[in-house]
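Just below is one structure, and these are the notes that go with it.
Values quoted throughout were computed directly from the atomic coordinates according to the rules given, and no laboratory measurement underlies them. Note that the coordinates shown come from a computational prediction; the quantities given were computed from them, not determined experimentally. Cβ placement follows ideal geometry from the backbone for every residue including glycine, while neighbour counts extend to all protein chains displayed.
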Amino acid sequence: FGGTPGLVFDLRNGVFISKVLRAGVSWGIGKLHYSLDAFDSRRDYQLDNSEDRTRGVTAAVTYRVAPKTSAHGSLGLNRNELSSTNSGGGFFPTLPKEREDDIYTLTLGVDHQFDPDLSGAVTYQHQQRDSNVATGDFTENRITGTVNMTF
């Protein structure tokens, strides 16, 4: 997380106290399975009295199309924040003094079990980051195909 697009939020060194709250619920009705997950993660840095925080919520649904085929989708929102007192020291001395990113994610996919030892999936994901830093915005569209075989 920093001035470089694509830099992972968790790459910041220092002595910190980490606080994490996670909650989730899931339920199923017939061929449908629903889930809702939320989290709030905060790191309080001890040396420069700064803080970074990540919060998010994801809602997902899975529909069993046939005994061996499922379709799934999810919507997610994550917010990453860097406190205004952050000096940006360590490996990234040019970090802005304040940053807030919203990351929106949409995922759609289909899974199929071909036989007991062979399965496959196709997944589409759209991800968008809106940042208060001029060069921090991005949009990504990804299609992933996987095949799993057990020997």
Extension gain from Met149 to Asn49, taking 0.36 nm per residue of separation minus the Cα-Cα distance: 31.0 nm
Modelled FRET efficiency - R0 25 Å, Val57 with Leu108, Cβ distances, 0.05 increments: 0.85
Interchain or long-range residues, amide H under 5 Å from Ser50's placed H: Tyr45
Segment Arg142-Asp130, extension gain: residue separation times 0.36 nm, minus the distance between their alpha carbons: 2.5 nm
Computed E for Glu100/Trp27 - FRET, C-beta separation, R0 41 angstrom, nearest 0.05: 0.80
